[in-house]
């Protein structure tokens, strides 16, 4: 019985120390989290914000492959880079375009953020049209 009590207490404390990340509440925050995660190579976080359709998944898998082929120095530069939001444009109540640049590449790029089923998602098909931050 003592073992079950100790095991239960351990599980409780482990659960408390592993806070669940909340989804970003708006398009701008979704874009910011996605941009930072992509620069950091944190594909788990970025994928959680990706709108799941076949083309988005396919393009994002290609992006991950390209990023994985970068040398350690380039990956480090992306991770250390800052980003700036150059322009934020609400196209309508469910579509936003975010133009940004990072301090490593210094090239304007855009992402499209869409609202589906009450949540904001990155539509990576839009990004794949020449906006990939891979040199």
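The values are calculated or read from the model by the stated rules, or taken from the named source; none is laboratory data. Note that the coordinates shown come from a computational prediction; the quantities given were computed from them, not determined experimentally. Heads up, the Cβs are rebuilt from the backbone with ideal geometry, glycines too, and the neighbour counts pull from every protein chain shown.
Summary table below
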| read-out | value |
| --- | --- |
| Count - residues of the range 99-117 that are at pLDDT 95 or above and over 17 Å from residue 85 (Cβ atoms) | 3 |
| Residues located in the range 75-96, provided they are farther than 12 Å from residue 32 by Cβ, in a strand (DSSP E or B) and touching a helix residue (DSSP H, G or I) at 6+ places or on another chain (Cβ under 8 Å) | 90 |
| Any hit, the range 38-53, residues being touching a residue at least 12 places away in the same chain (Cβ under 8 Å), surrounded by fewer than 13 Cβ atoms within 10 Å (Cβ to Cβ) and either in a helix (DSSP H, G or I) or in contact with a helix residue (DSSP H, G or I) (Cβ under 7 Å, 6 or more places away or on another chain) (or both) | no |
| Residue within the range 69-77 that is under 15 Å from residue 122 (Cβ atoms) and at pLDDT 95 or above present | no |
| So residue 65, is it free of Cβ contacts under 8 Å to residues at least 40 places away in the same chain and either within 14 Å of residue 41 (Cβ to Cβ) or surrounded by 17 or more Cβ atoms within 10 Å (Cβ to Cβ) (or both) | yes |
| Inter-residue pairs, beta-carbon under 8 Å, first without any contact (Cβ under 8 Å) to a residue 24 or more places away in the chain and in the range 23-34, second in a helix (DSSP H, G or I) and surrounded by 14 or more Cβ atoms within 10 Å (Cβ to Cβ), 6+ apart | 33/45 |
| Residues (without any contact (Cβ under 8 Å) to a residue 40 or more places away in the chain, under 18 Å from residue 37 (Cα atoms) and surrounded by fewer than 17 Cβ atoms within 10 Å (Cβ to Cβ)) located in the range 108-129 | 108 |
